[in-house]
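The values are calculated or read from the model by the stated rules, or taken from the named source; none is laboratory data. Note that this is a predicted model, so its numbers are computed, not measured. Note that each Cβ is placed from the backbone with ideal geometry, even for glycine, and that neighbours are counted across all protein chains shown.
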Number of protein chains: 2
Amino acid sequence: MARSNASSVPTVRDVAALAGVSPMTVSRTMSGGLNVRPEVQERVREAVEKLGYRPNQSARNTRLSKPTGLIGVAVTNLGNPYYGQFALGVEDVAAAHGRHIVVGNSGEDPGREGSLLADFAARQLEGVILVPAGKGGNPLGPRQLGGVPLVLATRTVEGVECDAVLVDDANGAAAGTAALLADGHRRIAFLGDVAGISTAQSRFDGFTHALAGAGISLDPDYLVVVRETDAAAGAVRRLLAGPNPPTAFFSANNRTTVGALRAICEWRDGVPQRPARLPVPALASFDDVELADLLGIPLTVMSHDARALGAAAARLLFDRLDGTTAPAEASPAPRLVLMPVTVRRY
Amino acid sequence: MARSNASSVPTVRDVAALAGVSPMTVSRTMSGGLNVRPEVQERVREAVEKLGYRPNQSARNTRLSKPTGLIGVAVTNLGNPYYGQFALGVEDVAAAHGRHIVVGNSGEDPGREGSLLADFAARQLEGVILVPAGKGGNPLGPRQLGGVPLVLATRTVEGVECDAVLVDDANGAAAGTAALLADGHRRIAFLGDVAGISTAQSRFDGFTHALAGAGISLDPDYLVVVRETDAAAGAVRRLLAGPNPPTAFFSANNRTTVGALRAICEWRDGVPQRPARLPVPALASFDDVELADLLGIPLTVMSHDARALGAAAARLLFDRLDGTTAPAEASPAPRLVLMPVTVRRY
DNA sequence: CTGTTAGCGCGTTCAA
DNA sequence: TTGAACGCGCTAACAG
């Protein structure tokens, strides 16, 4: 027996019954109304209105190869303003292509990342843009996504061959470091998370490369591996209070930059006992931080546009999804987009 | 004819065929393996592995009343760090309840907001948390969401009766204003977007109420309606350069605060021709901004925890979804959670 | 324990 | 222009 109007959500049949037509006519009306008499359409629309009927997307999607219109975005820390901008960039492009985004947060945890991706695939998302957590050497499976196109953003992962949008980390870091060196700095400490994150590693490489070019080798005490803001602040405090304080810091991301800025400001303002005219330490920051330029600290910013990066990643994805690509699915070759880094000084 | 192994995505039947069992056995194995012999499960899992099979969630959901496991979150500006934290709070709770979040960005556009919500409903999302754009008096339909539970966050909308998590805007604003007054400020300008956004309106009310309590009426020149950071900066510049500059500013949100801080810093640092010891204007900011406390500007911050707010909204939602609520759907009564505001001074 | 039957809500296909 | 039949991928409900 058909349980027509059980208080649950209305279906095509309910609408059809109310409008005195077949479900098919309702279906046609809902999808543009081709080959349906206007007056019948009118009746159908009234019934739709009256019942508050909405076509069920899930059911639509069962009809094979009907895309879900959903793009997955997995980031490592939604609370970081950087990824807010990033997601905004993805959303911009996705919206232009009539898609919505599903945002997941891995929290730098490969485990959560894995289940996130598995879930994305199970939901038949059309594609996934991933900022890999990369802590443990998780290969995240070749195409464990089950054929769902994947684009890596910001960071890459060894052994994964797919489209990616990265930042010109090494060159950017080298350029920023060069600026410090040009100012005469020789004792420069590095703050960053080098453990398995490609981005941090590349920035570190660029940093040391520039140092080496100036004939400087990194003092082990000057290499500080941190991720959190507070930890970075603590490290800077210790170094500045130590016997051999650096004259400048290189901060590898915006979280460590905030910590470093805080510590440097404290040192500048709150340490009356500091030697009279000891100069304020300089800071070179990879990634921009709002308001940082107003602090009166010698600042070098190596920045790129997070939103543009997200947009670029999305475009790469839609190129494969909507583009007039190869007939089959044999992706031609992984493409790599490199976002340029701008060095600004304050 | 069953087109078994057409290069497309594998289905239950493909797995069943390979494992030599019925689709049902595969289904059972996939959902916990109740009542399936271990050795058969093993065979099935092998087939699953070999084919890279993943159950199709869309198809699952067609089986009535199977929830999608998706929560919608619609915010007005993903690029605002505030909403990043907010989304993070929602995600925390959603993850704890085994759900994912779909993030949409309305961009303060009621039109986009409407289509976003319609789409959420069509996708059978289990619930929606909305920061309403509220620009045009869009009633967003009574339950135009088609029965999908809705929770408003941060802002409310007239005429919509549903659960909401708001900020104690009026009292917080009054407290912050009182702090300025206690410092002797009498000429205080207001920066904010009052046009139809409940939050801005409440903050404005709290501000003027506190002024009135001190026997002050707001100078019309001191009421600046802005939303964007740059516009706020421009307004502050004009006021400070004008004939009757305020001695303090009240900024109604973090975007205007950034603009105000920028303009005030400029004025302080870049205007040598300013009267010798004219004091730096004070700023009272609704919402915290990273690094603002380090600028050396007399600062009063009225802050609340965006992440906690998001979490509270999510909890309200899951209370209705998973909670042992009323048997039917007749929601008992809209609940309102008010997030406290803390006033800090720098 | 396992397979068969019967749909979920919708859209494609074909016939009327 | 409309409707009936069938199938999408999966899973309750009932056999066996």
### Task
Within the range A:242-261, identify whether any single residue is surrounded by 14 or more Cβ atoms within 10 Å (Cβ to Cβ), without any contact (Cβ under 8 Å) to a residue 60 or more places away in the chain, hydroxyl-bearing (Ser, Thr, Tyr) and away from chain B (no Cβ under 12 Å), and answer yes or no.
no
#### Entry: Any chance A:Arg37 is within 10 Å of DNA strand C (Cβ to nearest atom), farther than 30 Å from A:Asp305 by Cβ and among the basic types (Lys, Arg)
no
### Task
Considering only the range A:1-19, state which residues are away from DNA strand D (no atom under 11 Å from the Cβ), charged (D, E, K, R) and either at pLDDT 50 or above or within 12 Å of A:Ala47 (Cβ to Cβ) (or both).
A:Asp14
### Message
The conditions are (1) in contact with a Cys (Cβ under 9 Å, 6 or more places away or on another chain); (2) of a type outside the set (D, E, K, R); (3) at pLDDT 95 or above, and B:Leu166 fails exactly one of them. Which is it?
### Response
(1)
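Every residue, every condition in (1) within 30 Å of B:Glu290 (Cβ to Cβ); (2) more than 10 Å from every other protein chain (Cβ to nearest Cβ), yes or no:
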| residue | (1), (2) |
| --- | --- |
| B:Gly32 | no, yes |
| B:Glu39 | no, yes |
| B:Thr62 | no, no |
| B:Asn77 | yes, no |
| B:Pro81 | yes, no |
| B:Ile101 | yes, no |
| B:Gly114 | no, yes |
### Query
Being over 37 Å from the mean Cα position of the chain (by Cα) and free of Cβ contacts under 8 Å to residues at least 24 places away in the same chain, is that true of even one residue in the range B:57-67?
no
### Residue list for the range A:35-87, restricted to those being more than 16 Å from DNA strand D (Cβ to nearest atom) and of a type in the set (Gly, Ala, Ser)
A:Gly52, A:Gly69, A:Gly72, A:Ala74, A:Gly79, A:Gly84, A:Ala87
### Task
Kindly provide the set of residues from the range A:143-175 that are away from every other protein chain (no Cβ under 14 Å) and in a loop (DSSP other than H, G, I, E, B), ordered by number.
A:Arg155, A:Thr156, A:Val157, A:Glu158, A:Gly159, A:Val160, A:Glu161, A:Cys162, A:Asp168
### Query
Does any residue of the range B:245-264 turn out to be under 32 Å from the mean Cα position of the chain (by Cα), under 27 Å from A:Trp267 (Cβ atoms) and assigned to a strand (DSSP E or B)?
no
### Task
Have a look at B:Leu78, B:Leu116, B:Leu125, B:Leu130 and point out the one that is of a type in the set (A, V, I, L, M, F, W, C) and free of Cβ contacts under 8 Å to residues at least 40 places away in the same chain.
B:Leu78
#### Entry: Test for B:Glu49: is it among the acidic types (Asp, Glu), surrounded by fewer than 18 Cβ atoms within 10 Å (Cβ to Cβ), near DNA strand C (Cβ under 9 Å from one of its atoms) and modelled with pLDDT of 85 or more
no
### Query
Among the residues of the range B:17-34, which ones are without any contact (Cβ under 8 Å) to a residue 12 or more places away in the chain and either of a type in the set (A, V, I, L, M) or more than 9 Å from DNA strand C (Cβ to nearest atom) (or both)?
B:Met24, B:Ser31, B:Gly32, B:Leu34
